[in-house]
Structures are given as C-alpha cells and as structure tokens.
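Before any comments, here is the structure.
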C-alpha cells in the first residue's frame, strides 16, 4: 500500500474582508483608531478533508473563487489553516504563478540558477542540468534576454523546465500551462505522465477539463470553498461540466 503524502483534515481557511471601501491608508488608520473598522468573514475553504497517496494524480476543478488556489497554497505551506491540520510527507515543486521567483532584471540564464536555488538545488546541480533545462524550454536563443521581456508563454516554459528537471516527489501546478502553445502543452503532458509512472505525485488546477481527464486519475470539485464531489477524474469533470452547462442555459 502506498504511503500518504498529503493529508488535510477538517481544514477551514477564513479571510476578513472590509465591509466598506477604504480609499487610503490614512482613512484605514483613522477608522481603526476609532473602532469603526468593520469586517465580514469569508470562508475560502470550509471543512475540507483531502488525502493523496504517493504516485496519485489529482485534478482540482471549480469556478473562479471556488477555493482551488487556496487549497494549493495550503499544500505548499504558503498559508496556514484557521482550523484543522495539513500534513505533507515529501518535497514539493510548486508552479503557482507565472514568474514567481524570477528576477525580472536578470537574464533567463541567470534566473535558471536563482530559481534552482529557491527550489533547493545546489549551483553544481544546476550547472549539471543547465543544458537539459534549456533544451526542454526551447529558449536557447533567448537566454541573454532579461526575463521581464519574456512573454507569459516563455516564462511558463522556463518555469516548468526548471521545476521538472528532476523527478519531484510532489508537483503542484496552478493553471500556468494554460498560457503555453498547444505543442508545448503536449510536451509538458508527456513529461508529467512519465513522472507519474515513476511514482511522482501530481496536483493540478486547471480550467481545461480535458487536460485533467488526460493526466489525472482522480479529481475534487470545489464550490464556494466546499467539496461538491470527489473520485474518478472523468466522472467528476463530467458532472462539473454538466452543472456549468445547466447554469449557463439558465442564465441565458
């Protein structure tokens, strides 16, 4: 039996949202001092239970604001839950935002080493795998260009090539591959399939349900921070698509 690498028990994440618009820091401070600053609670996630075994591939579906990215940030230890517990057994390679970790003033070649360091790789390791990263990203002719001049698709290529230069134990991806061209997405899908075959764990957020069906064994559907359905990826995605289609018809 494969070990559990991600265990989320009875987790809720709550944010405080200002109940009225505040236009300046000065106004905020005055209201705070006078005790007139009011907030309303918003649950980004509510009573979530989620368990992932080593080598499983999970897709997370739901509309914008459903809590998908919040769940990923919990898994990556970027935020902590207000209630419940999150246990991670394994190292995580996250791809949560385009350009995260990149210095826009440095060249792409320089950013390879810096991003590698942020992921815990030594400079010797990055030198050893530098050519492999460049080859996979297909950006050899643009390495001396500052990363700020890269398109979103070029940044996604470089970030994915670095994050997957070795087999990560847990790969977490939040929609960043949506900006790439079709040919490169297929290349990324092929690499992720190879990693899954080698027992890497994949957590993928995407609005592309076809990608989730191709890559993921299981899926979880979130709506307003709560779990609507979990299980077989195809069944979950089909149910979600039916709900979205019905809602769109009703809105017309």
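The values are calculated or read from the model by the stated rules, or taken from the named source; none is laboratory data. This is a predicted model, so every value here is computed, not measured. Quick reminder, even Gly has a Cβ in these numbers, built from the backbone with ideal geometry, and neighbours come from all protein chains shown.
Observations, loosely collected:
- Helices (runs of 4 or more DSSP H) completely within the range 169-252 that count 2 or more residues being out of contact with any helix residue (DSSP H, G or I) (no Cβ under 9 Å at 6 or more places or on another chain): 182-197, 233-251
- Look at the range 67-85: where a residue is more than 19 Å from residue 163 (Cβ to Cβ) and a partner is at pLDDT 90 or above and in a helix (DSSP H, G or I), sitting 6+ places away or on another chain with Cβ atoms under 6 Å, you get 79/73.
- Filtering 112, 92 for residues that are within 30 Å of residue 4 (Cβ to Cβ) and touching a residue at least 40 places away in the same chain (Cβ under 8 Å) leaves a single hit, 92.
- One residue from 147, 170, 133, 162 being in contact (Cβ under 8 Å) with a residue 60 or more places away in the chain and crowded, with 19+ Cβ neighbours inside 10 Å: 170
- Taken together, 174, 131, 124, 144 contain a single residue that is at pLDDT 90 or above and in contact with a strand residue (DSSP E or B) (Cβ under 9 Å, 6 or more places away or on another chain), which is 144.
- Selected residue [surrounded by fewer than 15 Cβ atoms within 10 Å (Cβ to Cβ) and closer than 26 Å to residue 194 by Cα] from 120, 59, 101: 120
- Scanning the range 1-43 for residues that are in a strand (DSSP E or B) and modelled with pLDDT of 90 or more yields 4, 5, 6, 7, 8, 9, 10, 11, 12, 13.
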